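Here is the structure we will look at, set down as structure tokens.
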Amino acid sequence: MRIATWNINSLRLRLKLLQRLVKEEKPDVVCLQEIKVQDSEFPEAEVRAMGFSHVHYHGMKSYNGVAILSRVPFETKRPTIFCGREDSRHGKVVLQGGIELENFYVPAGGDVPDPDANEKFAHKLQFLDQMRSGFAKRRNKRSSIIVGDLNIAPLENDVWSHKQLLDVVSHTPIEVEKITAAQKAGRWVDAVRHFTPEHEKLFSWWSYRSPDWTINDRGRRLDHIWVTPDLVQRLKGARIRRDMRGWEQPSDHVAVIVDLD
């Protein structure tokens, strides 16, 4: 089974890029974040035409939203409401065979890494705390995979400069502490770093503000796929489609792909 996760940054705007990704990678499951489309306008016919006969989406107008597209049958589960907000940041299904799959879009957190001065950052920290408590409650209950734009680059080599980004939202110590606690609470294994050593630089996002992302390569690894320990032996490969950042009208994120036996 091949699983891809991608913050598409507007599904309708980048539908052709999704078609290209599907044609090139032939994934069994695609999880999208920031689809930016309300459910009544979701392009379901176009998605099904790509071969995904099983579709689950949880969207809203102009912002956020997640979708799970699958060739594999699944049972849809109720999404978790985080921080008491109906803002379409979570989707959940159980794939045929009993593997639980969750799709997350963690809040970005704004620009100021101070929860007292920045409500968006406070929201992000609260969201991460709820993730941790939720993972702790169901630990070891089911073979599971979580994917998505977690909006945190936790390791030193998940950013272009650890020292320069310590006070930049997505790599601050408190964010790293909280995402690490969530990972430990669920005993999650980082599927991409399972194949790529921590000393190697690895990015999945490059800012639109950068005049030429290929020259300065100031990226961050914000997009992740984690699996429960029982699935580690079934991991066969993982990669980040860095080249997608150079496509015409790209998302600022690229797809992360994992293969399981």
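Packing-wise, with mean Cβ within 10 Å as the measure, how do 167-173, 252-258 rank, highest first?
Working: 167-173: 17.7, 252-258: 24.0.
Descending packing order for the listed peptides: 252-258, 167-173.
For the chain, with a Gaussian network of springs between Cα atoms less than 10 Å apart, report the residue from 211, 73, 43 with the top mean-square fluctuation.
Result: 211 has the largest fluctuation of those listed.
Based on the mean of other beta carbon atoms within 10 Å per residue, what is the order of 102-109, 141-148, most packed first?
Details: 102-109: 23.5, 141-148: 21.0.
The packing order, highest mean first, is 102-109, 141-148.
Could you report the range 31-71's accessible area per residue, 1.4 Å probe, as an integer in Å²?
Numbers: 1690 Å² over 41 residues.
That works out to 41 Å² for each residue.
Mind grabbing the accessible area of residue 198 for me, 1.4 Å probe, Å², rounded to tens?
Approximately 120 Å² of residue 198 is accessible to the 1.4 Å probe.
For the residue pair residue 86 and residue 194, what label-to-label distance in nm results when each label sits 7 Å from Cα along the Cα-to-beta-carbon direction?
Simple spin-label model gives 3.7 nm for this pair.
Can you give the extra length, in nm with one decimal, that the chain gains between residue 248 and residue 96 once fully stretched, where that is 0.36 nm per residue apart less the Cα-Cα distance?
Details: separation 152, 0.36 × 152 = 54.72 nm, distance 3.56 nm.
Answer, rounded to one decimal: 51.2 nm.
For the range 52-92, what are Rg and Dmax over the alpha carbons, in angstrom?
11.0, 32
Estimate the FRET efficiency between residue 55 and residue 217 by the formula 1/(1 + (r/R0)^6), using the beta-carbon distance for r and 30 Å for R0, to the nearest 0.05.
Values: r = 35 Å, r/R0 = 1.18.
Calculated value: 0.25.
Given H placed on each backbone N at 1.01 Å, which residues far from residue 88 in sequence or on other chains put an amide H within less than 5 Å of it?
none
List the relative contact order of the range 133-251 as a percent without decimals, with contacts defined as Cα pairs under 8 Å and 6+ residues apart.
Values: 163 pairs, mean separation 42.0, N = 119.
About 35 percent, as a whole number.
Could you tell me the calculated FRET efficiency between residue 13 and residue 118, based on Cβ-Cβ distance and R0 = 45 angstrom, to the nearest 0.05?
Numbers: r = 28 Å, r/R0 = 0.63.
After rounding to 0.05, the efficiency reads 0.95.
According to the square roots a ≥ b ≥ c of the eigenvalues of the Cα gyration tensor, what is the shape class of the range 116-261, taking rounded for a/c under 1.5, prolate for a/b larger than b/c otherwise, and oblate for the remainder?
Details: a/c = 1.95, a/b = 1.18, b/c = 1.65.
Since a/c reaches 1.5 but b/c is at least a/b, the shape of the range 116-261 is classed as oblate.
Give the lysines reachable from residue 236 as a straight Cα distance under 19 Å; neighbours fewer than 8 places away on the same chain don't count.
Result set, ordered by chain and number: 26.
Any chance you could run the full-extension gain for residue 77 through residue 20? It's 0.36 nm times the residue separation minus the Cα-Cα distance, nm to one decimal.
So the extension gain works out to 17.6 nm.
Two-decimal Rg/Rh of the chain from alpha-carbon positions, Kirkwood Rh?
On the Cα set of the chain, Rg over Rh gives 0.93.
Given the -39500 (n - 2.57) contribution per DSSP H run of 4+ residues, what per-residue ellipticity at 222 nm results for the chain, rounded to the nearest 500 deg cm²/dmol?
Details: 5 runs with 53 residues, N = 261.
For the chain, the value works out to -6000 deg cm²/dmol.
Hey, rough spin-label estimate for residue 177 and residue 48, points 7 angstrom out along Cα→Cβ, what's it come to in nanometres?
4.9 nm
In terms of the Cα gyration tensor, with a ≥ b ≥ c the square roots of its eigenvalues, is the range 171-247 rounded because a/c is under 1.5, prolate because a/b exceeds b/c, or oblate?
Details: a/c = 2.76, a/b = 1.51, b/c = 1.83.
In terms of gyration-tensor shape, oblate.
With 27 Å as the limit, write out which pairs from 36/77; 141/178; 77/201 have Cα-Cα distances beyond it, or answer none. Present the calculation step by step, with values, prior to reporting the outcome.
Numbers: 36/77 21 Å; 141/178 22 Å; 77/201 36 Å.
Correct reply: 77/201.
From Cα pairs below 8 angstrom and at least 6 apart in sequence, can you work out the relative contact order of the range 34-168, rounded to a whole percent?
Reported as a whole number, the value is 18 percent.
With a cut-off of 14 Å, note down the residues of the range 7-28 whose backbone N falls inside the zone around a label point 7 Å from the Cα of residue 236 toward its beta carbon.
Label zone hits: 26-28.
From the square roots a ≥ b ≥ c of the eigenvalues of the alpha-carbon gyration tensor of the range 139-187, which class results: rounded (a/c under 1.5), prolate (a/b over b/c), or oblate?
Details: a/c = 3.06, a/b = 2.32, b/c = 1.32.
Prolate is the answer for the range 139-187, as a/c is 1.5 or above and a/b outweighs b/c.
First measure r as the distance between the Cβ atoms of residue 111 and residue 187, then evaluate 1/(1 + (r/R0)^6) with R0 = 30 Å and state the FRET efficiency to the nearest 0.05.
Approximately 0.35, to the nearest 0.05.
The values are calculated or read from the model by the stated rules, or taken from the named source; none is laboratory data. These numbers come from a predicted model, not from an experiment. With ideal geometry, Cβ positions are generated from the backbone for all residues, glycine too; neighbour counts draw on all protein chains shown. Heavy atoms of the whole protein, side chains included, go into the accessibility calculation; ligands, DNA and RNA do not. Shrake-Rupley method; radii C 1.70, N 1.55, O 1.52, S 1.80 Å.
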